[in-house]
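Trainee: To start, I am sharing the structure in question, which I have written as structure tokens.
The values are calculated or read from the model by the stated rules, or taken from the named source; none is laboratory data. Computed from a prediction, not measured in an experiment: that's the story for all the values here. Neighbour counts are summed over all protein chains in view; Cβ atoms, including those assigned to glycine, are modelled from backbone coordinates with ideal geometry. When the accessible area is computed, the model is the full protein with side chains, heavy atoms only, and any ligands, DNA or RNA have been set aside. Shrake-Rupley method; radii C 1.70, N 1.55, O 1.52, S 1.80 Å.
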Amino acid sequence: MAKTPIGLEPVVGSLTPSKKREYRVTNRLQEGKRPLYAVVFNFIDSRYFNVFATVGGNRVTVYQCLDGGVIAVLQSYVDEDKDESFYTISWACNIDGTPFVVAGGINGIIRVIDASNEKIHKSFVGHGDSINEIRTQPLKPSLIVSASKDESVRLWNVHTGICILIFAGAGGHRNEVLSVDFHPSDIHRIASCGMDNTVKIWSMKEFWTYVEKSFTWTDLPSKFPTKYVQFPIFLASVHSNYVDCSRWLGDFILSKGTADILQKYPVPECDIWFIKFSCDFHYNAAAIGNREGKIYVWELQSSPPVLIARLSHAQSKSPIRQTATSFDGSTILSCCEDGTIWRWDAVPTD
């Protein structure tokens, strides 16, 4: 194993909480008996910053965080296929601002659900295997990107239903893609990672005419000249095993692999796959759960990394598959293997 040159060693954060912010459990919901794999706040529309969605089994549920720890159920969508198991969900919107929730999972079909009427807007068929993650372009939220077990990443237009670009081929992933993310300010860049232990950065710049064409296309979506992007602009093999979550942090990438290091942020008992972390809107903090039901909240804008808080509760023992951090970081949600949703709220300071 190659040694890290002197002076380039990663700065590792301490596991002693700084208590810069303290949280307490304000609610616990038992959604069902099936595992919940994803939970996400709506950062697309400021009217709905306190609205979040979860997926588990063939169900998509939309909730709202109210004052006093209250969680209100707003709507629920149950897929027609009882064998569907959704793994991921993201918020998007139509070009007229209509809010969408977009879900995908074991069947490889992406469901775009119109949150205004709880009906299917479109279904995207194209991936040859299950879908592990869906993310939305923050600067153009009618665009989504999906990561699949079929070793590809696909860019879609939720307004027209077009598959615009497919990131796969000679320079693509060599095993299933577990996570994908849009750059927060550079509309042309995405990052992906997966079971082949790599993180890849892709550019859409030279293919942007295809993106623009997808908004004005009037023929059948199947007739659109979908373009293959075969080579990433950057490849990083920094993990010794699979990488199941990656997020842009400015121009840097925060990635989580099987070792007990989340980049430079230690996370004990986090050695099972498909555990995804979340950040607040301004990327000030990241929250990640582990297989024992604990959550580690890390400050991202400091070096060495500072552990803000370690959240634990006697009844929270199930693996946390994903967290969701609210716009300002004051609320943290977790969805668990045992079908529960936990809500933690920051304790007000005097």
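Trainee: For the stretch 307-350, which residues satisfy the criterion of being more than 25 Å from K33 (Cβ to Cβ) and in contact with a Lys or Arg (Cβ under 7 Å, 6 or more places away or on another chain)?
Mentor: The answer is I308, A309, R310, T331, D345, A346, V347.
Trainee: For the stretch 221-237: of the residues being within 14 Å of S152 (Cα to Cα) and among the β-branched types (V, I, T), which is surrounded by the fewest Cβ atoms within 10 Å (Cβ to Cβ)?
Mentor: The qualifying residue surrounded by the fewest Cβ atoms within 10 Å (Cβ to Cβ) is T226.
Trainee: Which one is least open to solvent (accessible area, probe 1.4 Å) among residues in the stretch 165-185 that are part of a loop (DSSP other than H, G, I, E, B) and under 27 Å from F281 (Cβ atoms)?
Mentor: H183
Trainee: Next question. Considering only residues that are in a loop (DSSP other than H, G, I, E, B), at pLDDT 70 or above and either open to solvent by 80 Å² or more (accessible area, probe 1.4 Å) or not small (G, A, S) (or both), which ones fall in the stretch 1-29?
Mentor: Across the stretch 1-29, the qualifying residues are V12, L15, T16, P17, K19, K20, R21, E22.
Trainee: Inside the stretch 238-258, can you point out the residues that are of a type in the set (S, T, Y) and open to solvent by less than 90 Å² (accessible area, probe 1.4 Å)?
Mentor: Across the stretch 238-258, the qualifying residues are Y242, S246, S255, T258.
Trainee: Considering each residue of the stretch 186-216, count those that are free of Cβ contacts under 8 Å to residues at least 60 places away in the same chain, open to solvent by 50 Å² or more (accessible area, probe 1.4 Å) and more than 17 Å from the chain's Cα centre (by Cα), and give that number.
Mentor: 7
Trainee: Go through the residues of the stretch 102-116 one by one and say whether even a single one is open to solvent by less than 60 Å² (accessible area, probe 1.4 Å), touching a strand residue (DSSP E or B) at 6+ places or on another chain (Cβ under 6 Å), at pLDDT 95 or above and under 21 Å from I187 (Cα atoms).
Mentor: Taking every residue of the stretch 102-116 in turn, at least one turns out to be open to solvent by less than 60 Å² (accessible area, probe 1.4 Å), touching a strand residue (DSSP E or B) at 6+ places or on another chain (Cβ under 6 Å), at pLDDT 95 or above and under 21 Å from I187 (Cα atoms).
Trainee: Now for a separate question. Quick one: in the stretch 132-151, of everything that is open to solvent by 10 Å² or more (accessible area, probe 1.4 Å) and closer than 13 Å to V180 by Cα, which residue is nearest to the chain's Cα centre (by Cα)?
Mentor: Filtering first and then ranking leaves R135.
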